[in-house]
Amino acid sequence: MSATSLADKAPLIVIDLQTGMFDGVHEPPIHEAPAIVERARAVIDWARRGGRKVAFIRHDGPAGDPLAPGEPGWPVWPALGQAEDEPTFAKSVRDAFSNPAFGDWVAGQGAGGVVLLGAQTDYCVAATVKGAMARGLGVTVVSDAHSTLDNAAESARQIIARHNGEFAEAGVNLVTTKALVGG
């Protein structure tokens, strides 16, 4: 599948690209953090140019967590340039669809599908892919615009590659930033 197979108005969902994923204060920045910001900005600009809606998902961690509401790591990363009319939906578990208001917003777009990017590949991105598919939505993942951290068993690069393979096997449309935005 390709960028041309996307539903015309499938909204772009930016998952958990929060300050704590980039600032290195409590954990290292996500894998290829500067490139992820650059690719996310390119996809956000593509969505806006095409008249697609953009929504941001923000993880609300528990008290004391770097991503807890009000903590320095909690806000959407400012370098992404979120517009005032682009909503932010909170969640406290991995799947963004756990927030009924988000599910209603997606359904209100009438597109039958979503375009996803963000962090972390092996947690919230993967869970949101499954949540979207469980709701019968077509899912496109920007394969080079989601990221994570190394773990004890795999490097972030390996985790990302493994999940891209699993997404494809599940019927997700994978597209690179370049294929999506052109250039």
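When only alpha carbons are used to place a centre, the stretch 135-183 and the stretch 25-48 end up 14 Å from one another.
Given the choices (i) 111; (ii) 99; (iii) 128, volume of the Cα convex hull per residue in Å³ derived from the coordinates of this structure is entry (i). Fully extending the segment from Arg162 to Asp104, taken as 0.36 nm per residue of separation minus the present Cα-Cα distance, adds 17.8 nm. At full extension, Asp150 and Lys130 could sit 5.0 nm farther apart than now, given 0.36 nm per residue minus the alpha carbon distance.
Dipole magnitude for the chain: about 600 debye, using +1 per Lys or Arg Cβ and -1 per Asp or Glu Cβ, origin at the Cα centre. Tally Lys/Arg at +1 and Asp/Glu at -1 over every other residue whose Cβ is under 9 Å from the Cβ of Leu67; what's the total? That works out to -3.
Helix content alone sets the calculated 222 nm mean residue ellipticity of the chain: runs of n ≥ 4 DSSP H residues at -39500 (n - 2.57) each, divided across all residues, give -9000 deg cm²/dmol.
Pairwise Cα separations in the stretch 121-183 fall into 5 Å bins from 0 onward with the following percentages, short to long: 4, 18, 28, 24, 16, 8, 2, 0. As a size descriptor, the averaged projected area of the C-alpha convex hull of the stretch 103-147 was calculated at 2.9 nm².
Since every read-out is calculated from the coordinates, none of them should be taken as a lab result. All values reported here derive from a predicted model rather than from experimental measurement. Reconstructed Cβ throughout: ideal geometry from the backbone, glycine too, with neighbour counts over all protein chains shown.
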